[in-house]
1. May I ask you to sort 153, 33 by Cβ crowding, counting other Cβ atoms within 10 Å and putting the fewest first?
2. May I ask for the net charge around residue 170, where only other residues with Cβ less than 13 Å from the Cβ of residue 170 are counted and Lys, Arg are +1 while Asp, Glu are -1?
3. What does the net charge come to around residue 81 if you take all other residues with beta carbon closer than 13 Å to its beta carbon, with K and R at +1 and D and E at -1?
4. Here is the link list: 54/159; 98/161; 32/129. Which ones come out longer than 26 Å on Cα distance?
5. Which order do 97, 90, 59, 84 fall in if you start with the one that has the fewest other Cβ atoms within 10 Å?
6. What is the distance, in nm, between label points placed 7 Å from the Cα along the Cα-to-Cβ direction at residue 122 and at residue 94?
Amino acid sequence: MIGGGRSSSSSSTATAAGGTWVSTTSVSASGKRIQREMSELNADPPPHCSAAPKGDNLFHWVATIIGPPGTPYQGGIFFLDITFPSDYPFQPPKVVFKTRIYHCNVDAAGNLSLDILKDSWSPALTISKVLTAIRSIFSNPDPYSPLTSGVARLYLADKAKHDEIASEWT
């Protein structure tokens, strides 16, 4: 490109009459998708969920999920970090619980076991759908695909005791 042409990638370079320059005004396709999802999320957020960029980094968000009524997580406020890869939406975001939670599908480091963030990911999914799916594991844990096997065993053997501990942690 000669002159002030724009590139579709935030890290693209172009050759101008005086040499090579890096475009700093354009937004990548991933960035545009994330911006669109942020607008949609603000207009119609999933129930009891919120998320927004952390500072001015469009690829790093902080989310909040309120524990659903009728679960041991009821009334809890759970914070999550969401990191979007540079090739989003073709790869899923990385989601990590920052709030301690007693749950068979979340390990001690906050890593989450959720099919749609792994093998079942599709570019058609959005961060709103991801938040809704994460909130659903509060009501419907999957003890057969646990990250914390001891919690899963207790859930299957003595759900009342599991729920008591989960409630204490909340």
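1. 153, 33
2. -2
3. +3
4. Flagged as over cut-off: 54/159.
5. 90, 59, 97, 84
6. 2.6
All of the numbers you see were taken from the coordinates with simple rules; none came from a lab. Since the structure is predicted, the reported quantities are computational estimates derived from the model, not experimental observations. Ideal geometry is used to build each Cβ from the backbone, glycine not excepted, and the neighbour counts take in all protein chains shown.
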